[in-house]
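Colleague: Structure provided below as structure tokens; questions to follow.
The values are calculated or read from the model by the stated rules, or taken from the named source; none is laboratory data. For clarity, every value in this text was computed on a predicted model and none was experimentally measured. Glycine also receives a Cβ, built like all others from the backbone with ideal geometry; neighbour counts cover every protein chain displayed.
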Amino acid sequence: MNSQHFELLKGLVNPNYVQQAEQARNSRSKLITSLLTQRRLPDNGWPEADIQMLMEELASFDTNNFQGNVGVGEREGRVICDLVRRRHFGLTHGIGRSGDVMAEQPKAAGSSLIVQLTKYLALDAIRLAGIKAAKTCAVLPAATGLTMTLVFLALKQMRPQGRYVVWSRIDQKSCFKAIGAAGLKPIVVELKPIEGTDAIGTDVEGIRAAVEKVGAEEVLCICTTTSTFAPRVPDYIDEVAVVAQKLNVPHVINNAYGLQCSKCTHLIETGCRRGRVDAFVQSTDKNFLVPVGGAIVAAPGGQLVDKISALYPGRASMSPVLDLFITLLNLGASGWTGLLQERKENAKWFEERLTTVATKQGLRVLKVPANKISFCIDISSLGRPAGAEGQEDMDHLTFLGSALFTRRVSGPRVVLCSPAASAAGTSPAGAAGYPEKQTETATASEETASTEEVVKIKGKYRKMVDGTAFECYGAHTDAYPCCYLTAACALGATRLEMESFLERLESALQDYRQGAGRKDKGKDKVAK
Ligand SMILES: *Cc1c(COP(=O)(O)O)cnc(C)c1O
């Protein structure tokens, strides 16, 4: 309703009431004014009702919602099921045009506005998280791995001679596969132990050597990662950025869930200021608690982000953009920074609690001070039962993962390793129940191993990912001195949840010690 309507209302309802109603309406409209002029997160989150009203108004700007609109194109935003239409607030045209996924869609002014606003809000959120150097970004309807592929493909257009991606090893399949999917060759740079800790970190000199070996012109980019499972720590983005600048090679950062951690954002900020960073990619779901489906590619400047948008063939789903838009409006700056602060405090608290529980169980939390999200406990001693007939059995440690899975704990991983030159290997937590275990595994002679042979080949655990063999896959390194269990204290996790995890961990450890899951004894003790 506009001011003329309110005047007319005064003839129907007590003018005092109408005046109050108009004031209420005006304060809503002030929120919109400041959103459109400042293009930043509102200081305080909007109530859902206000967001809903805005969504409905914006949807009415799209042609499919015009009164009396007649569509004679093959794509007119038609939706047959009303439940689906409502799920999308009637915003059914998607985003982009055939030539550019960030371009305005002529049939959808409302949707196009949301795309633009979301970009500004996301950029503000990235800066508030600590990367002030971020100057531009795009919210893409593809998750982190695929967005990394798009970044590589766009770089490839700008640097056609680049064939290699020099990649600091991280045992996460999607980011590695992103390289192959772009038709590029990975050069894996192994990590190094960090003295005085149990951590492993970037081999900066190894990265430089790898680039120099094939020649900088042939290197498409150096790829580093911030957020990662312990005992790996965030790559030394700041140092690698300096190397990238010296060698004149692009530098792309996988910041999958790094926005939630000031350690990671600080590294990127420093990298942007002191050296070369071409783009950094972060997941929308891991950082902003929306359903999986989107990623934000951001950069301290340059043309790369525009190149990526222009590379995208065709229109795309609006859902990931819309989810982020609504969430950022609802959080506001205070909600977002509050979440970050809460996670930081929770992680500190969790590490202390985990240490207490581990100590009580005669176990040790590994010393990985630079990883502020993921924590691990050395569980090797569980595989070495005391007593004369106690036989070392590290493989059985994967059962601990299954026991936690059975107790409805999702997310922890049991990683099996041993020191260099002896058996080494990994298996995801709850291997018994996880499909992961069935995935491809290398053998010297045959491609397909039976489930029994899946993890153990020639006394070593090895995994093929996209044609490359990794020793001790899961540990981020060919050899690590102990077997461990990881758990993360990520954004959105509550203390109640983490406390339950610790309780269930204790009881899983107890069962394990009593022989649960072993063929010979204690089979019936497996807790359900
Ligand atoms: C989650 C994650 C990915 C993959 O993300 P998708 O959104 O599933 O593509 C890649 N790298 C790291 C480090 C991750 O944590």
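Colleague: Say we look at segment 240-261 and pick out the residues that are within 12 Å of residue 281 (Cα to Cα) and touching a Lys or Arg at 6+ places or on another chain (Cβ under 7 Å); which of these is farthest from the ligand (Cβ to nearest atom)?
Modeller: Only one residue tops the list, namely 251.
Colleague: Whether any residue in segment 474-496 is modelled with pLDDT of 50 or more and in a helix (DSSP H, G or I) is what I want to check.
Modeller: Yes.
Colleague: Residue 432 fails exactly one of the following numbered conditions: (1) modelled with pLDDT of 60 or more; (2) closer than 27 Å to residue 373 by Cβ; (3) of a type in the set (A, V, I, L, M). What is the number of that condition?
Modeller: (1)
Colleague: List, please: which pairs have Cβ atoms under 8 Å, are six or more places apart or on different chains, and start with a residue in segment 146-167 that is closer than 22 Å to residue 237 by Cβ and end with one that is outside any helix (DSSP H, G or I) and among the hydroxyl-bearing types (Ser, Thr, Tyr)?
Modeller: That search, which allows pairs on different chains as well, returns 150/312.
Colleague: Of all helices (runs of 4 or more DSSP H) completely enclosed by segment 100-197, which ones contain at least 1 residues that are among the acidic types (Asp, Glu), modelled with pLDDT under 95 and away from the ligand (no atom under 16 Å from the Cβ)?
Modeller: By residue number, no helices (runs of 4 or more DSSP H) qualify.
Colleague: Of the residues 71, 96, 77, only one is surrounded by fewer than 20 Cβ atoms within 10 Å (Cβ to Cβ) and more than 16 Å from the ligand (Cβ to nearest atom); which?
Modeller: 71
Colleague: Among the residues of segment 262-289, write down those that are of a type in the set (Val, Ile, Thr) and within 12 Å of the ligand (Cβ to nearest atom).
Modeller: Of everything in segment 262-289, those that are of a type in the set (Val, Ile, Thr) and within 12 Å of the ligand (Cβ to nearest atom) turn out to be 281, 284.
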